[in-house]
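The values are calculated or read from the model by the stated rules, or taken from the named source; none is laboratory data. Nothing here was measured: the structure is a model prediction, and the numbers come from that model. Using ideal geometry, Cβ is built from the backbone for each residue, glycine included, and neighbour counts are taken over all protein chains shown.
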Amino acid sequence: MMVIWNAPKDVENHEFCAMECALEMMKRLKTIRESDFEKFGKVYIRIGIYTAESLIGNVGAPDRINYTALGDGVNLASRLEGINKRFHTRIIIGDTTYDAIKMYFKCKWLDYLAVKGKELPVDVYELVCRMEDTSPLIDQACDSHKQMRNALKLGDFDTVKTICEETLKHSHDHAAELLLERMNEDPQIVCRVYEK
């Protein structure tokens, strides 16, 4: 399913609305799964959100027309949805979306990555919760990941490894595991390339 925000009519704070919607979807899915685990226990959803200008409108032939969005941002959002599998997350957002909502939502930096079809790598984040719903544990995890990001961008790979190792002493953090694995393999690989 693809959801388009800010079209065909302008939506004020559309990035904020998209985050609220994603979190509400997860909350309702949890309620549904708990109400009938036998029937819905294995139902999961993954969400990828990216903010970009896109071509939006009716596309197709007169006998088969479809209202849709096309462009790099749409493709990247789709890739982010799929990358949730790799990180064991449910909601991943791109850097442009993060920049618009970071004052209102707690997000954890995951990686700096390139995806197939996108020329430049982007920072990607897990949408964790509303800012008012955060906890000291969430804050600590997000702060550690921010430090990983900063050290990676500076090329300080030893610091990246140290922070990853320290993080993994206290929690099962799959993003930290993946980054540590990369640092141990070849720290010169600044970003991963994801095909799917």
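In this structure, ILE83 does satisfy being touching a residue at least 60 places away in the same chain (Cβ under 8 Å) and either small (Gly, Ala, Ser) or touching a Phe, Trp or Tyr at 6+ places or on another chain (Cβ under 6 Å) (or both).
Matching residues to (1) touching a helix residue (DSSP H, G or I) at 6+ places or on another chain (Cβ under 6 Å); (2) closer than 20 Å to LEU80 by Cβ:
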| position | (1), (2) |
| --- | --- |
| GLU15 | yes, yes |
| ALA22 | no, yes |
| ARG33 | yes, no |
| ASP36 | no, no |
| VAL43 | no, no |
| ARG46 | yes, yes |
| TYR50 | yes, yes |
| GLU53 | no, yes |
| ALA61 | no, no |
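Figure legend. Inter-residue proximity from the stretch 15-40: first residues in contact (Cβ under 8 Å) with a residue 60 or more places away in the chain, second residues in a helix (DSSP H, G or I), beta-carbon distance below 7 Å, spacing 6+ or different chains. Indicated pairs: GLU15/THR97; GLU15/ALA100; GLU15/ILE101; PHE16/ILE101; MET19/ILE101.
Considering only residues that are assigned to a helix (DSSP H, G or I), of a type in the set (D, E, K, R) and more than 17 Å from the chain's Cα centre (by Cα), look in the stretch 140-176 and name the one that is modelled with the lowest pLDDT.
LYS153
Residue check: is ILE45 under 25 Å from LEU179 (Cα atoms), surrounded by fewer than 17 Cβ atoms within 10 Å (Cβ to Cβ), β-branched (Val, Ile, Thr) and in contact (Cβ under 8 Å) with a residue 40 or more places away in the chain? So ILE45 fits the description; yes.
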